[in-house]
Amino acid sequence: MAQDYDAIIIGGGHNGLTCGAYLAKAGLSTLVLERRPMVGGAAVSEEVFKGFTFSVFSYVMSLLHPKVIEELELARYGLKVLPATDLYCPLRDDDYILYSDDVARTQAQFARFSRQDAEAYPAFLAYLQESAAILRKLQLETPPDPSRRDWKSFKDLALLLWRYREHAGELYRVIDLFTQSADVFLSRWFRNDTIKAVLAYYASIGSFTGPKSPGSAYVILHHLIGEHEGAGGWGFVRGGMGAISDALATSGQSHGLKIKTNAEIDKVLVDDDRVLGVVTKSGDEYRAKVVASNASAKVLFLDLIDPSDLPAVFLDEIKQFRTYSTAFKINVAAKRPPQYKGFDAEKCGFEVPSYVHMAPDIDYLERAYDDAKHGWYSYRPFITAVVPTTVDNSIAPEGKHVVNLFGGHAPYNLRNGSWQQQRGDFVRNVMNTIHEFAPGFADDVIDMQVLLPPDIEEILNIPHGHIFHGELSPDQLFFMRPVPRFADYRTPIKGLYQCGASCHPGGGVSGLPGHNAAREILKDVGTKKKRGA
Ligand SMILES: Cc1cc2nc3c(=O)[nH]c(=O)nc-3n(C[C@H](O)[C@H](O)[C@H](O)COP(=O)(O)OP(=O)(O)OC[C@H]3O[C@@H](n4cnc5c(N)ncnc54)[C@H](O)[C@@H]3O)c2cc1C
């Protein structure tokens, strides 16, 4: 027999939990159904090897929005953010460069490579911060639909433009960021390739682009708009990223949110153009007037809904949503963190670099992309190496370490090859790259879990394993995400919403798609309190 709720959420990723928590807080009886044995999606902590707990997918926090943290009282429910060290970028010749929120310290680092670039840094930072301030505001907006001709859409658009009227003069900036490559954008301020690589690195994270690809400038900003303390606003979460999801779940449960794991949705039930509920793979049926999907847009519309219930043009647009991924993650249980050749604890001011980017110059990043562009993994990948055990003793046996390796490029498909054959060579390649900067790391490895795009796809049910559910390119942002006309979290089916990273403002552990979707749902259905329940 079907069970009735006011709202059902498909998927208990951190955005599904955020959406669910807001709906429950507003008085709606809400059920989250998650296919995995645990909630969190890409924000989970799991004991992968005995005694070693990993942030299996996402590994550093920055983007989680302060509004979500405060309104859902996440600190009260266990969220504790720990600072990372300055970003440490090892270079060839045993040198390094540090990057941090401390402007004078970063300038001093840049000055070692170019005095002129060091002097230009405050102007660059001011530009970045002003642009970030606008984007931070925009992240909380529901994208209007400029193509609709009805009065409401016109009013929403006009109100948005009015709210941003003092930023009208900065429109050109947005165009620059959306159209320029990271390299062209950074070259306005910086000449030195090493300095440019420190910043351009952010444009490569999770994207199938190189720093010379048009539009890549925006991705730098997407990664640097976090407001927490640390290198570029990034920090660790005590207990791993799963602690964010656990805090969201507990917060929601304190308002009556129900969560069911091992419950994979097989089908969304639709009658005419209205949602009725969902059916799980094991045949359980749940009915609700509101169903919000945290699953990727492609999973929702291509796998869970009968195509005859959706307009053909819309389905075609969803199929075009670009999800191709080249990002990999390797979780290493280690005896020691990587020992970087040129590292000098006294000069750096910390004992162990906990947050490292390996990509010594801008051409290195571009070459890594060139390999992937032609269908192969990077001969020299760019690698982020993050060691949370430097500040968190709860996730590994005493004296041992958790090392998260994240990078690119490892294309989902290999041209004239298969991952089955190439997995070993790829890992050797990654280790050889690390050895250029930190020799002997392989000898300190106790065990490792290798996650390539097909693995991420299988575990999380994200098409191509795309870490943001879909590319963060200008054609897939704001009122184009995931597709034009349906960027306001609503869908062609009444009562069916989207609340995950496929929607504005996109991927990252921000909670914002979930927050914004809940706001739109509550606008449509009202709260229980308002309805006098
Ligand atoms: C390897 C990797 C590294 C990353 N690193 C970082 C980082 O360091 N910092 C950062 O901020 N971001 C990072 N990201 C990006 C970030 O983690 C994601 O963009 C974000 O977590 C997406 O959250 P979500 O809730 O929208 O979706 P997801 O986390 O994908 O959750 C969707 C949930 O829906 C469930 N689901 C799917 N289909 C069904 C179904 N049919 N029935 C029921 N449930 C279903 C899935 O199992 C999953 O739990 C990383 C991502 C990956 C993969």
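The values are calculated or read from the model by the stated rules, or taken from the named source; none is laboratory data. Remember, predicted model here, so these are calculated numbers, not experimental data. Here the Cβ positions follow ideal geometry from the backbone for every residue, glycine too, while neighbour counts run over all protein chains shown. These accessible areas exclude ligands, DNA and RNA; they are computed on the full protein's heavy atoms, side chains included. Shrake-Rupley method; radii C 1.70, N 1.55, O 1.52, S 1.80 Å.
Things worth noting here:
- With every protein chain in place, segment 408-533: carbon and sulfur % of accessible area (1.4 Å): 50
- Summarising the amide proton neighbourhood of Lys267: residues at separation of 5 or more, or on other chains, whose placed amide H is nearer than 5 Å comprise Val279.
- Taking a sphere under 13 Å around the Cβ of Asp266 and counting the other residues whose Cβ falls inside, with K and R at +1 and D and E at -1, yields a net charge of -2.
- The C-alpha radius of gyration of segment 336-432, expressed as a fraction of 2.2 N^0.38 Å, stands at 1.27.
- Among Ala24, Leu224, Gly206 - extreme Cα towards positive end, dipole of the chain, charges at beta-carbon: Ala24
- Taking amide H positions as modeled 1.01 Å from N, with prolines and chain starts lacking one, the residues under 5 Å from Ala292 and 5 or more places away or on another chain are Ile8, Ile9, Ile10, Tyr497.
- Backbone HN-Hα couplings from phi across segment 494-508 [Karplus 6.51/-1.76/1.60, Hz, Gly and Pro as x]: 5, x, 9, 10, 10, 9, x, 5, 5, 9, 4, x, x, x, x
- For the chain, the per residue solvent-accessible surface stands at 40 Å², with DNA, RNA and ligands left out and a 1.4 Å probe.
- Ranking Leu82, Ile8, Tyr121 by Cα position along the charge dipole of segment 5-126, where only Lys, Arg, Asp and Glu carry charges on their C-beta atoms, puts Ile8 farthest toward the positive end.
- Projected area averaged over orientations for segment 214-337, convex hull of C-alpha atoms, nm²: 12.8
- Taken about its Cα centre, the chain carries a charge dipole of roughly 1180 debye when the Cβ of each Lys and Arg holds +1 and the Cβ of each Asp and Glu holds -1.
- Descending Cα extents along the principal axes, segment 254-299, whole Å: 35, 22, 21
- Coupling constants for segment 187-193 follow from the phi torsions by the Karplus curve (6.51 cos²θ - 1.76 cosθ + 1.60, θ = phi - 60°), and in residue order they are 5, 5, 10, 10, 10, 6, 5 Hz; glycine and proline get x.
- With one equal scatterer per alpha carbon and no solvent term, the Debye-computed log10 I(q)/I(0) for the chain at 0.12 1/Å reads -1.14.
- Absence of a disulfide-compatible partner, taken as no other cysteine beta carbon within less than 4.7 angstrom, is noted in the chain for Cys89, Cys348, Cys503.
- Our coupling estimate for segment 376-393, obtained by passing each phi through the Karplus curve with A = 6.51, B = -1.76, C = 1.60 and θ = phi - 60°, is 10, 6, 5, 4, 10, x, 7, 9, 9, 10, 10, 10, x, 5, 5, 10, 10, 8 Hz, Gly and Pro reported as x.
- Under 5 Å, built H, 5+ apart or other chain: amide partners of Asp4: Arg287
- Helix axis angle, 14-25 relative to the chain longest principal axis, alpha carbon, degrees: 40
- Ordered from highest to lowest accessible area with the whole protein assembly present and a 1.4 Å probe, Asp271, Asp86, Asp306 read as Asp271, Asp306, Asp86.
- In the chain, the longest principal axis of the Cα atoms and the axis of helix 362-373 are about 50 degrees apart.
- Segment 189-208 versus segment 353-386: alpha-carbon centroid distance in Å: 11
- Rg/Rh for segment 451-517 (Cα atoms only, Rh after Kirkwood) is 0.99.
- Principal-axis analysis of the Cα atoms of the chain puts helix 115-139 at an angle of about 10° to the longest axis.
- Among the listed pairs Lys212/Lys298; Lys67/Lys137; Lys289/Lys319; Lys319/Lys494; Lys258/Lys319; Lys267/Lys523, those beyond 23 Å (Cα-Cα): Lys212/Lys298; Lys289/Lys319; Lys258/Lys319; Lys267/Lys523
- For the chain, the residue among Asn432, Val184, Gln139 whose Cα projects farthest onto the positive side of the dipole built from Cβ charges is Gln139.
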